[in-house]
Amino acid sequence: MRNRFSSLSLSSYGAGWSANRRIAIVAAAVAGLLALAGIVALLTGGGNGHQAPDSAAPAPIGSLSSSEAAPEPSSGSGSVPKPPQISEPVAYAKAAAQMLWSYDTRDTSRDQQLAGMRAWMTAETKYADWVSVAGQVPDPVLWSRMADQDQHASASVTEGHYPGAFKQALAEDPSAITKAYIYVVTVNGKQQITWKKGGGGAEERAVTLAVQCRPNHDCALAAIAPSVTQ
């Protein structure tokens, strides 16, 4: 299942997300529960790659710039919604997925898109993998091409759940998560993409997210997995 703005937009999940970074984030969620191979399998298992849609937009995708810092434009975050005050991991992950699958180049600049997405991230830099999130946004040239086409997208979420490996890990040792309170959640839904002259299309989406939800605090996004784990 694929998570892209369109074939004029996002690259594959976790661009630039190193193996060490991936292991560190998931290990925080299931510390002491899974062997190294199991941790890697949790975020890379299932063989679900992320490829560009065949016919979702009028031009092919270009390269991304995923390592840049999030801008803080004076004009705000455009159409990107503010993070909700939710303290339940699955509910927050569903809201985050809907945010990631929605955009509007007609009234939102690329800098605004990045700044809006950055607001959803955990402030704990030890666990925040901004690169995996910023890697969802096209480079400036491609974003400009999308804007020329008035490209925008809306999304609906059908369900969210903890992957089986994560639930098993929690069942074996529920207290292990109390170090970082990071939960692995997979969300499924649909994205509707529209551009000029009646162009558009819809596609099923799925994403696996790492969400931090400390007790008595609102949840925050920690990372996007490089592949979907069901």
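Listing for the model above:
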item: Accessible heavy-atom area order of Arg118, Arg205, highest first, probe of 1.4 Å; result: Arg118, Arg205
item: Within the stretch 160-201, trypsin sites (Lys or Arg not before Pro) in DSSP loop having at most 13 other beta-carbon neighbours inside 10 Å; result: Lys196, Lys197
item: Percentage relative contact order, the stretch 98-164, counting C-alpha pairs under 8 Å, at least six apart; result: 57
item: For the stretch 190-207, Karplus couplings with θ = phi - 60° (6.51, -1.76, 1.60), whole Hz, Gly/Pro x; result: 9, 10, 10, 10, 9, 8, 4, 6, x, x, x, x, 10, 8, 5, 10, 8, 8
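The values are calculated or read from the model by the stated rules, or taken from the named source; none is laboratory data. Quantities reported herein were computed from a predicted structural model and do not represent experimental measurements. FYI the Cβ positions are ideal-geometry reconstructions off the backbone, even for glycines, and counts take in every protein chain you see. Note: accessible area is taken over every heavy atom of the protein model, side chains too, but ligands, DNA and RNA are not part of it. Shrake-Rupley method; radii C 1.70, N 1.55, O 1.52, S 1.80 Å.
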